[in-house]
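What follows is a short report on a single structure.
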Amino acid sequence: MPETGRGLRRKPAAAGKALRVLGIDPGMGATGFGVVEMEPGGTIRFLGSGVIRPRNAQPFAQRLWQIFFNLRCQIEVYRPHLMGVERPFFGKNVQSAMMLGQARGAAILAAAEAGLPVQEFSPLEVKQAVVGYGRASKEQVQAMVQAILPLPGKVAADAADALAVAVCVGHSFRWQRRVTASSGMGTPPRRTHPGGKKDGREGGEE
């Protein structure tokens, strides 16, 4: 079993130190995760990735628990400084959006239980950060992830999407830290959980 949140709590990455980020692409059928480390000089290292696939035959609550439990195990293994989660795109299928939101909630709960800060980004923001174009296709995002990171081989699509989220978080955090350092202000203004709730902006664009 994973340890309690108190035992896993990690200090934020100090300036000049490597930043380790766990990216999550949530979904009830498949939740991708990817871990990268951002070196102070800008180099990005791939540490690991995978996909959590709860069985459809299981009760809904048990599937949510599997997402939560497996992500807690990954947090324990990799000890990231931050978690990044992709905000859902609310299309016309309300039921699918609700299920995606519940999988996302299980991921955020895993981070909260471990005392891990969470940053959220829309699909458009992730694509803009990784590809440079907010309307990029999933194939373009996956190809760019392969180009950015020295991956040991081809990774699953959901894992590649999670790695893209991690890269987006890493770039954003470095930018926030530079702005904060140059302005002499305190904590960067990016919305995070926990313990603070975000500014409530939801949705995103595909």
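A short reminder: the numbers here are calculations on the coordinates, not readings from a lab. If you're wondering where the values come from, they're calculated on a predicted model, not measured in any experiment. A quick note on method: Cβ atoms are made from the backbone with ideal geometry, for glycine too, and the neighbour counts reach across all protein chains shown.
Points worth noting:
- The stretch 17-187, relative contact order [Cα under 8 Å, separation at least 6], %: 30 percent
- Vicinal HN-Hα couplings computed from phi for the stretch 73-84 (Karplus, 6.51 cos²θ - 1.76 cosθ + 1.60; Hz; Gly/Pro x): 5, 5, 4, 5, 6, 8, 6, x, 8, 9, 10, x
- Shown in residue order for the stretch 32-39 are the 3J(HN,Hα) couplings computed by the Karplus curve 6.51 cos²θ - 1.76 cosθ + 1.60 at θ = phi - 60°: x, 9, x, 10, 10, 10, 9, 6 Hz (x for Gly and Pro).
- Selection from Ala106, Gln74, Asn56 lying farthest towards where the dipole of the stretch 51-138 points positive, charges on Cβ: Asn56
- FRET efficiency, Ala143 to Tyr78 (Cβ-Cβ, R0 25 Å, nearest 0.05): 0.50
- About its Cα centre, the dipole of the stretch 17-187 is roughly 40 debye, where the only charges are +1 on Lys and Arg Cβ and -1 on Asp and Glu Cβ.
- Nearest-0.05 FRET efficiency for Gln95 and Arg135, computed from C-beta distance (R0 30 Å): 0.70
- As a proxy for reagent exposure, ranking Leu82, Leu163, Leu124 by other Cβ atoms within 10 Å from fewest up yields Leu124, Leu82, Leu163.
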